[in-house]
Amino acid sequence: MNEPVSKIMTTNLITASPEVTLDKVKDIFQSRKIHHLPITQNGHVIGIITTSDLLWLNKPFEEYKNLKAKDVMTKKVGKLSPNDKIGAVADVFLRNWFHAVPIVDDENMLVGIVTTFDVLKYSYKKEYPNEDINY
């Protein structure tokens, strides 16, 4: 847990603009099999939408084309640096019940994302280094 978060972060990022409609967000979640979508503007994280946000929205799918990401995204987003430790990410998850943390550089530009699954996979590989897991 004392290694940098850059070791486990996903860098092949899928993002969306604040103007994207929720029907497109839903399509991204389904087609890309992800649960967290950073909302960016000029490369900066300004929010995040999760599959849970859509569930809690409690609206029919037909209404999604009339709603935009900026209308439902979480705007207060915890962020970490690529040099922060993996343990710091775990601490953020445990204290805040988050399941994803955007990783930003010194200019606050999005460079990665870490999820609870990434931390779990990291811990598993540490404990069972000879197991072949491909997730």
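Could we say that Glu127 is farther than 14 Å from Thr10 by Cβ, of a type in the set (Asp, Glu), out of contact with any helix residue (DSSP H, G or I) (no Cβ under 8 Å at 6 or more places or on another chain) and surrounded by fewer than 17 Cβ atoms within 10 Å (Cβ to Cβ) here? Against the criterion (farther than 14 Å from Thr10 by Cβ, of a type in the set (Asp, Glu), out of contact with any helix residue (DSSP H, G or I) (no Cβ under 8 Å at 6 or more places or on another chain) and surrounded by fewer than 17 Cβ atoms within 10 Å (Cβ to Cβ)), Glu127 qualifies. Looking across the stretch 44-61 at every residue that is at pLDDT below 95 and either assigned to a loop (DSSP other than H, G, I, E, B) or out of contact with any helix residue (DSSP H, G or I) (no Cβ under 8 Å at 6 or more places or on another chain) (or both), the one that is nearest to Gly112 (Cα to Cα) is identified as Ser52.
Reported count of residues in the stretch 68-89, each being in contact with a Gly (Cβ under 7 Å, 6 or more places away or on another chain), modelled with pLDDT of 95 or more and closer than 19 Å to Thr11 by Cβ, is 1. Taking the stated definitions as given, is Ile113 farther than 12 Å from Met1 by Cβ and outside any loop (DSSP other than H, G, I, E, B)? Taking the combined requirement at face value, the residue satisfies it. Among the residues of the stretch 1-43, those that are among the basic types (Lys, Arg), closer than 27 Å to Tyr124 by Cα and in a helix (DSSP H, G or I) comprise Lys7, Arg32.
You will find that of Gly78, Gly87, the residue that is within 15 Å of Thr50 (Cβ to Cβ) and not in a strand (DSSP E or B) is Gly78 and no other. Scanning the stretch 90-110 for residues that are under 15 Å from the mean Cα position of the chain (by Cα) and either modelled with pLDDT under 95 or part of a helix (DSSP H, G or I) (or both) yields Ala90, Val92, Phe93, Asn96, Trp97, Phe98, His99.
Residue under question is Lys65, and the condition is that it be out of contact with any Leu (no Cβ under 6 Å at 6 or more places or on another chain), in a helix (DSSP H, G or I), modelled with pLDDT of 95 or more and surrounded by 14 or more Cβ atoms within 10 Å (Cβ to Cβ); does it hold? Steps first, answer last, please.
Numbers: out of contact with any Leu (no Cβ under 6 Å at 6 or more places or on another chain): yes; in a helix (DSSP H, G or I): yes; modelled with pLDDT of 95 or more: yes; surrounded by 14 or more Cβ atoms within 10 Å (Cβ to Cβ): no.
So Lys65 does not fit the description; no.
The values are calculated or read from the model by the stated rules, or taken from the named source; none is laboratory data. Computed from a predicted model, the values in this text were never measured in an experiment. As a convention, Cβ positions derive from the backbone with ideal geometry for all residues, glycine included, and neighbour counts pool all protein chains shown.
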